[in-house]
Amino acid sequence: MKISLFLLGVYIVVSLASLHMEIVSKQEELQMVIQQCEEQRISNKEIKRQISLGDDQTYLARIARDKLGMGYSDEHVFRDAAGS
């Protein structure tokens, strides 16, 4: 009888220790997911900002000029060969 109670006690302690380790692991995983979620929110906010700026013709012209090297049809674009 005493042995079975002792074994039951050991089982309970081992089970509790195992559950505690699993809880700690899941809490760490939750923190990582929360961090990823926050990073995604920031990324989404930036994308929404860029989309809203996409309607602005001045912004579009600047992007076309700076990033794509485009200009107006009556405009001559000169590039610095030295790269500065």
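Relative to the longest principal axis of the Cα atoms of the chain, helix 57-66 runs at roughly 90 degrees.
How large is the convex hull of the C-alpha atoms of the stretch 2-66 per residue, in Å³?
Per residue, the Cα convex hull of the stretch 2-66 comes to 69 Å³.
Would you order 76, 20 from fewest to most other beta-carbon atoms within 10 Å of each residue's own beta-carbon?
On the way: 76 6, 20 10.
Ranking 76, 20 by Cβ neighbours within 10 Å, fewest first, gives 76, 20.
For the chain, the longest principal axis of the C-alpha atoms and the axis of helix 2-53 are separated by about 10°. Between the listed residues 50, 36, 21, the Cα displaced farthest toward the positive end of the dipole of the stretch 2-66, a dipole computed from Cβ unit charges relative to the Cα centre, is found at 21.
Taken together, the values in this text are just the output of simple stated rules run on the coordinates, not laboratory data. Predicted model only: the values in this text are computed from it and were never measured. So basically every Cβ, Gly included, is an ideal-geometry build from the backbone, and we count neighbours across all protein chains shown.
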